[in-house]
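First up is the structure itself, then whatever we jot down about it.
The values are calculated or read from the model by the stated rules, or taken from the named source; none is laboratory data. All of these numbers come straight from a predicted model, not from anything done at the bench. All Cβ positions, glycine included, derive from the backbone under ideal geometry; neighbour counts span all protein chains shown. In case anyone asks, the SASA skips ligands and DNA or RNA and just uses the protein heavy atoms, side chains included. Shrake-Rupley method; radii C 1.70, N 1.55, O 1.52, S 1.80 Å.
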Amino acid sequence: MKGDTHQSLAEPIYNLAELYRQQGRYLEAEPLYQEALTILDLHFGETLDTAATLHSLGLLSYSLEQYSDAENYFQRSLEIVNRGYEIINSLDPALNAILTEQIENTFLETSPAVYVSLAGLYHKQQEYDRAFSFLKQAIDREEASLVRNLVAGSDADKQNYLKSVVGTTNVAISLHLNHLSTSTESAELALSTILQRKGRVLDLFTNLRAQLADDPTAVELFDELREASNRLSTLAYNLSLRLSAQERRTQIGTLQERIGILEDQLSRRSSEFAELTTSPTLEDIQSLLPSDTVLIDFIRYQPLVTEAGAEDRFAPPRYAAYLFHTDGTVQGIDLGSAVIIDEAVKTLSRSLASPDTPLFQVKENARSLDALVMAPVRDALGDIKTLYISPDSTLNLLPFEALVDESGSYLIETYQFRYLTSGRDLLRIRNSSTSTNPALLIGNPAYSRPGETIAQADSSPRRSINLGDRIFPSLPGTQEEVVRVASLLPNAEVYTQANATEAAVKQQSQPSILHIATHGFFEQIGEIENPLLRSGLILAGASESQSGPEQDGILTALEVTELNLQDTQLVVLSACETGLGELAFGEGLYGLRRALVLAGSQSQVISLWKVDDSATQELMVNYYDRLLANAPRDAALRDTQLAFLESEDYSHPYYWTAFIGSGDWRSLQMN
């Protein structure tokens, strides 16, 4: 044995030093790091543990504002890491594939942290070009790690892993907007990082389903996942089940765990899956942008603050907008405090959600929010009127059409908006095929059994309910709506009243159009972890928890993910609050729209608040009239909304801004 200190003591000594450093006990941590480093040098030489210890010493020196020492430690750590990469590149994977993969994974996990620390150090010293160089390398290494690590895991696992790289996203945006605003490279790095990470989990699971369609084992796993999702939804909402609260909680926990395991197993099924995790480049996205359009990618970020200490590097969150033009030009604009913008979104949403809000108040609130969100980018748009909008955080709850510009006009009067989760959506839209099966229309469900009292609606009810009381007022307007729409569609299948069941929806496969007109909901449920259980649709028999064989009449977003909507061209949820959901970091809203994308649908029309039954009927029929006249999906909805704006009865934005379209904007392909 070399030396007097046993080699096994290196790890506990290092761990104690880490604890002291994180507690701010720097003077106690430093000699422990040095002792661990001495043991490692004596017994092991230069290893990843040595690199990690040097990195921690660098972080400690940074905290003590000993920047020269910090740089020295970081650089020594990086030298070891880079020599590791040289070892990886020299190995022949054919000779020892397992060893090669183990070494590569280890270095992919360790390397980005050192580059990030060097970027932060140079940023602190206001050496922004050097900071950018190391940040770019950090993001490249993180992307290589993401490609490998996102192969496996459940939806939640993937979300958590992506959260681990949020720091470099913040730094890339902050460095560009605050210090390198004239640098083309910095702008491109910021946007490409956003495109790599925003909406990535959705992209992975959507592609996974398409890829594994012909894999028999995967099909069995999907069937099991469908069954588990259905059972979990039933446990959450079917109050007729004779279970104690504890039994219900136990079964819910078991099913949630099982769903996570199945998602992980499906993620691992394909040996080619890693290729699907690779992000598109800016050039890929540029090639997909039609002429005379621009992609506006909104992002909520935290600026990196030069004067902050090592443990408190980020300022309160702000919003930024990144514009990507068809010529490849990238422009980034800081929009201001996220707290102020989020509050303005809530204020406008409340105004829009009631026809009783005075019009002057709506326009005042819409103008205030426009000044924060869209006015700063308007000069950069020039004459471009067709905008791809990728919102973030609470901006997902905003109908941009309702904003009011300096002249007092609604933005819908000037712009055509096309909503995306991320610019990545353009790849999926380009590669989609189309179903030409008959359309499926569901409306006017009989929520109670025949002969029982049905809650009566007022003259024009809202298509939403209080789910807890299980009282679902009838919606007579939905009957006429689906009948009138069906008359416009060739060979449409229509299910109404007692036939408008949950089972009827689940038994259909790949309809060209799916249109459901009923009550919608978005609820908070304490013991339910999966946010896709918090939104859904009410179908026939829901009052009695009987809607076809083994169905309870409440179709949750989780169950919607298991529908076969592959290549379905359009899904319209003509119900209340179907565009709401739980906000998830970098993934938009976990709700019905996400579920419909996961199920394979090309485009979706959803609502942001409680909608009026009669007005919605008129809006939908007018929308389909335009669709079937071969108007593009986005233009058909905009033209319908403009007609409402100019009408006598429905000019209030409550009536025409509730519904937004997302996904594929092109004309439908009909037989």
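For the chain, give me the percentage of DSSP beta bridges that are antiparallel, rounded to the nearest 5 percent.
Roughly 55 percent of the DSSP beta bridges within the chain come out antiparallel.
Where does each of 404-414, 184-194 land if you order them by average Cβ count within 10 Å, highest first?
Sorting 404-414, 184-194 by mean packing, highest first, produces 184-194, 404-414.
Which residues' amide hydrogens lie under 5 Å from the amide hydrogen of Y590, considering only partners 5 or more residues apart or on another chain, with H built in the peptide plane?
The answer is E582, L583, A584.
Work out the length of the dipole vector of the chain about its Cα centre, built from +1 on the beta-carbon of each Lys and Arg and -1 on the beta-carbon of each Asp and Glu, and round it to the nearest 20 debye.
Magnitude of the dipole: close to 920 debye.
Name the shape class, rounded, prolate or oblate, that the alpha-carbon gyration tensor gives for segment 318-454, where a ≥ b ≥ c are the square roots of its eigenvalues, rounded holds for a/c under 1.5, and otherwise prolate holds if a/b is larger than b/c and oblate otherwise.
oblate
Using Cα pairs closer than 8 Å and at least 6 residues apart in sequence, work out the relative contact order for the chain, in percent.
Computed value for the chain: 10 percent relative contact order.
Need the list of aspartates and glutamates near K198 for cross-linking: C-alpha distance under 12 angstrom, and skip anything on the same chain fewer than eight residues off.
D297, D392, D425, E587
Using the charge dipole of the chain (Lys, Arg: +1 at Cβ; Asp, Glu: -1 at Cβ; taken about the Cα centre), state which of N149, T206, A557 has its Cα farthest towards the positive end.
A557
Using 0.36 nm times the number of residues separating Q265 and F44, minus their current alpha carbon distance, what extension gain do you get?
Fully extending the segment from Q265 to F44 adds 75.8 nm.
With the Cα gyration tensor of segment 303-363 giving a ≥ b ≥ c as the square roots of its eigenvalues, does the rule (a/c under 1.5 for rounded; else a/b larger than b/c for prolate; else oblate) give rounded, prolate or oblate?
Oblate.
Express in whole angstrom the spacing between the alpha-carbon centres of segment 325-351 and segment 531-560.
Spelled out, the Cα-based centre of one part sits 36 Å from the other.
Show which lysines lie in cross-link reach of K610 when reach means a straight Cα distance below 22 angstrom and same-chain residues fewer than eight apart are skipped.
Answer for K610, where 22 Å is the Cα cut-off: K346, K363, listed by chain and number.
Can you bin segment 283-395 into rounded, prolate or oblate? Criterion: square roots of the alpha carbon gyration tensor eigenvalues sorted a ≥ b ≥ c, rounded for a/c under 1.5, prolate for a/b above b/c, oblate for the rest.
Note, shape of segment 283-395 comes out oblate.
Under 18 Å Cα-Cα from K506, which aspartates and glutamates qualify once same-chain neighbours fewer than 8 residues away are excluded?
E220, D223, E224, E227, E493, E550, D552, E559, E562, D567
Roughly how many Å² is the accessible area per residue of the chain, as a whole number, for a 1.4 Å probe?
Heavy-atom SASA per residue in the chain reads 40 Å².
Within the accessible area of the chain, what % is carbon and sulfur when the probe is 1.4 Å and the other protein chains stay in place?
Reported share for carbon and sulfur atoms: 47 percent.
What is the packing order of peptides 221-234, 509-522, taking the mean over residues of other C-beta atoms within 10 Å and listing the highest first?
509-522, 221-234
Return the tail of the calculated pair distribution for the chain, meaning the percent of Cα-Cα pairs more than 40 Å apart.
Everything past 40 Å amounts to 36 percent.
Using only C-alpha atoms and all pairs of different ones, pull out the Kirkwood radius for segment 153-264 in Å with one decimal.
17.3 Å
Could the peptides 367-378, 601-612 be put in order, highest first, of the mean number of other beta-carbon atoms found within 10 Å of their residues?
Packing proxy ranking, top to bottom: 601-612, 367-378.
Rounding to the nearest 20 debye, state how big the charge dipole of segment 505-619 is about its Cα centre with +1 on each Lys and Arg Cβ and -1 on each Asp and Glu Cβ.
280 debye
Determine which residues of segment 328-367 fall in the zone a paramagnetic label at S651 would reach in this model, i.e. backbone nitrogen under 15 Å from the point 7 Å along Cα→Cβ.
Those under the cut-off are 358-363.
Run the helix sum for the chain: -39,500 (n - 2.57) per DSSP H stretch of 4+ residues, divided by residue count, reported at 222 nm to the nearest 500 deg cm²/dmol.
-15500 deg cm²/dmol
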